[in-house]
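Beneath this line is the structure, given in structure tokens, with notes to follow.
Please treat every number below as a calculation from the coordinates, not as lab data. These numbers were taken from a predicted model, which means no experiment stands behind them. When we count neighbours, we look across all protein chains shown, and the Cβ atoms used for this are built from the backbone with ideal geometry, even at glycine.
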Amino acid sequence: MTGMSLRPARPTHCLPPVAAHPVLPGLGSSVRVLAACVALACGQVGCRGHDARLDQHRKSLESLGATTAATVDGWLGGQVSGTYARATLERTLQLVDQERSALATSPEMLQDPRGAALSERAERLSRLLAALLLDVASANGPSARQHAGEIPIRPGARP
Amino acid sequence: VSAIVDLVLGIVTSIGGFVEVGSISTSAQAGSEFGFQLLWAILVAALMLAMLNEMSGRFATISRRSLVSAVRERFGIHFQLVPLGAELLIDVLLLAAEVGGAAIALRLLTGVGFLWVVVPLGLLAWLILWLCGFSAIEHGIGLLGLVTLSFVVAAWKLGPDVGDVTRGLMPSLPDHDWERYAFLAVSIMGATVSPYLLNFYSSGTIEEKLTEKELWVNTTTGYAGTAFGSVVSMGVLVTSAMVLGPRHILVDSYEQAALMFVPPFGTWGIALFAAALGVGCFGAAVEITLNAGYALSQAFGWSWGANKPRREAARFTFAFTTVLAGALLVALSGVDPLRLTMVSVALTVVAMPAVVLPFLVLMNDDKFVKEHKSGALGNGLLAALTIFAALLALVVVPLEILGG
């Protein structure tokens, strides 16, 4: 974390645009106010787009964490077979990897501390899913129970 | 007695054949994300489908022509190419998604990799079409499809609040993610009112040689079958809302959707879900393949019919075989069936006006429907549906980008 502020700063790209010089010389003040409003609105839309995407990734990863928990609970409780549990954990791992790559290929997301934290938790979930797959394949209930308690991203939980 | 047997079989077949990959995925997603709030979309879509089914059956009974044949005759081959091309493209994508859905159902039960079973499933569908007549295909699939009633049983066992369900049947605005809400509402309609169903229904009416005296059978089957069938879709939505919603599980895969059957059915849950998904998807795959053969043959004036010996309908057989092979190639490319489904239903919405508008003209043409033309109410509803379909077609792509 060296060199990185721990303060949850507002991302710089979300700041409203500031004009250093008169952008529309010769136009009336009402037109300038309107242009400024449009620019501000565009900035807000862009910012909301970033936040909405981040929220979407968070929801998807929380859903995948909840899926992992429900699948392992079902397997440990004898309600779902090992075949189903493996198929679901494999598919969940694929979906987590898709989310991770979507986060990792977006500099905007990684620059945002919230995106970076999400990406890190997604990576931990990936590793945990790999461990759970081995647990289910080897029918190792106690290890699966322990791993299920370490799911790094769940609905409602915050880092 | 024979008409009553036909009626009962028709209704049972409609119930069993209602749920397939599109309705399961859209209803499950809607339930997990918005609770009961999108039940109204299923109700509206079912009303639209019932009306269109009844009209297409009536049209085929009186005119002795399927929709595709009549569109070609009335508007010419150049116009015909637009709805035909759209229908075939959607058929191929939807067929790939259905085969993919059936393959995932097998994977849930056996653990066998998805891609290993795609070709055997395609061959099985082709063999059924090669060996069986129309009634055996339709009623066999419909009877097997009754396993999808397990969605209704699941919802019943979970005991939803009647007041909440009733409120869900009234359109309302969401308190979050309105783009996603609107996209799912439109997708539910696209998944329910699929163009292939209309031509399949009219072609089936001709295959079954329904007479003018038996029009009441068509009307009752069209409305009652669709009404009961839509209850199965509502069962998917309610079960998903009650099981997956509170756990914050979104439906990004069929494996996740299967979890909705664990609380109501316990150890039988996954097997039942796999059976419902597998039978629903495989049955729809057989019907879509058959419909692709119908549509191509009827558009080009070839001999067609599932009841005809294959030698007498060689081009029809070649047509459905080619479409099935194309869909298997798409499925083998490894595209996620759930995503393919969502793209297919969005395309269905885009193509809907091209299918519904000619139908409005045909239902008012004396040459085809004689004195059985639609009345003011039927015409008004169909015209409203055409405008509604055009509006949906305009908004579905932006909604897919924003909320898909």
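In plain terms, the residue of B:THR239, B:THR192 with the fewest other Cβ atoms within 10 Å comes first and the most crowded comes last, giving B:THR192, B:THR239.
Give me D for region B:298-404 in µm² s⁻¹, whole number, from Stokes-Einstein with Rh from the Kirkwood sum over alpha-carbon pairs, 25 °C and 0.890 mPa s. For the chosen part, D equals 142 µm²/s. Above 20 Å, the calculated P(r) of region B:2-63 contains 43 percent of its Cα-Cα pairs. From helices alone, the protein assembly as shown scores -25000 deg cm²/dmol at 222 nm; the rule is -39500 (n - 2.57) for each run of n ≥ 4 DSSP H residues, then divide by the residue total. Rounded to whole numbers, the Karplus 3J(HN,Hα) couplings from phi for region B:283-294 are x, 5, 4, 5, 5, 5, 4, 4, 5, 4, x, 4 Hz, using 6.51 cos²θ - 1.76 cosθ + 1.60 with θ = phi - 60°, and x at Gly and Pro. Here B:LYS373 is the anchor, and the aspartates and glutamates within straight C-alpha reach of less than 12 Å, apart from those fewer than 8 places off in the same chain, are B:ASP365. For the options B:ILE11, B:ILE42, B:ILE128, a Gaussian network treatment of chain B with springs between C-alpha atoms closer than 10 Å singles out B:ILE128 as fluctuating the most.
Averaged over the residues of B:267-280, the number of partner chain Cβ atoms lying within 10 Å of the residue Cβ comes to 2.
Applying a DSSP loop filter and a limit of 13 other Cβ atoms within 10 Å to the GluC sites (Glu not before Pro) in region A:81-159 leaves A:GLU150. Legend: distances between Cα atoms for B:LYS209/B:LYS370; B:LYS308/B:LYS370; B:LYS209/B:LYS308; A:LYS59/B:LYS157; B:LYS213/B:LYS367; pairs beyond 21 Å are B:LYS308/B:LYS370; A:LYS59/B:LYS157. Gyration tensor over the Cα atoms of region A:60-159: the corresponding equivalent ellipsoid has semi-axes (square roots of 5 times the eigenvalues, largest first) of 26, 13, 10 Å. Using θ = phi - 60° in the Karplus curve 6.51 cos²θ - 1.76 cosθ + 1.60, the 3J(HN,Hα) couplings for region B:58-69 round to 5, 4, 5, 5, 7, 8, 6, 10, 7, 4, 5, 4 Hz; x is entered for Gly and Pro. Here the contact order of chain B, divided by its residue count and restricted to Cα pairs under 8 Å and six or more residues apart, works out to 36 percent.
Of the residues B:GLY22, B:ALA154, B:ASN218, the one whose Cα sits farthest toward the positive end of the charge dipole of the protein assembly as shown, with +1 on the Cβ of Lys and Arg and -1 on the Cβ of Asp and Glu, is B:GLY22. Note on region B:117-185: Cα Rg divided by 2.2 N^0.38 Å, N the number of residues, gives 1.79. Each of B:SER135 and B:ASP164 was given a label point 7 Å from its Cα along the Cα-to-Cβ line. The distance between the two points is 4.6 nm. Every Cα-Cα pair of chain B was included, and the share exceeding 30 Å stands at 36 percent. Residue order for B:CYS281, B:CYS132, fewest other beta carbons within 10 angstrom first, comes to B:CYS132, B:CYS281. Sequentially through region A:116-127, phi angles give Karplus couplings (6.51, -1.76, 1.60; θ = phi - 60°) of 5, 5, 5, 4, 5, 5, 5, 5, 5, 5, 4, 5 Hz, Gly and Pro residues having no value and appearing as x.
Given +1 at the Cβ of Lys and Arg, -1 at the Cβ of Asp and Glu and no other charges, the dipole of region A:90-142 around its Cα centre is 100 debye to the nearest 20.
Every Cα-Cα pair in region B:281-331 was counted, and those over 15 Å apart are 42% of them.
Semi-axes of the equivalent ellipsoid of the protein assembly as shown are 43, 31, 21 Å, computed as sqrt(5λ) over the eigenvalues of the C-alpha gyration tensor in descending order. Ranked by the mean number of other Cβ atoms within 10 Å per residue, highest first, peptides B:86-97, B:336-347 order as B:86-97, B:336-347. Counting 0.36 nm for each residue step from B:ALA384 to B:LEU329 and taking away their Cα separation leaves a gain of 16.0 nm.
Residue by residue along A:60-72, Cβ atoms of other protein chains within 10 Å of the local Cβ number 4 on average. In the protein assembly as shown, taking the dipole from charged Cβ atoms about the Cα centre, the farthest positive-side position among B:ALA227, B:LEU89, B:TRP126 is held by B:LEU89.
Residues A:ASP135, B:ASP6 in ascending order of nearby Cβ atoms (within 10 Å, fewest first): B:ASP6, A:ASP135. When only the Cβ of Lys, Arg, Asp and Glu is charged (+1, +1, -1, -1), the dipole of the protein assembly as shown relative to its Cα centre reaches about 440 debye.
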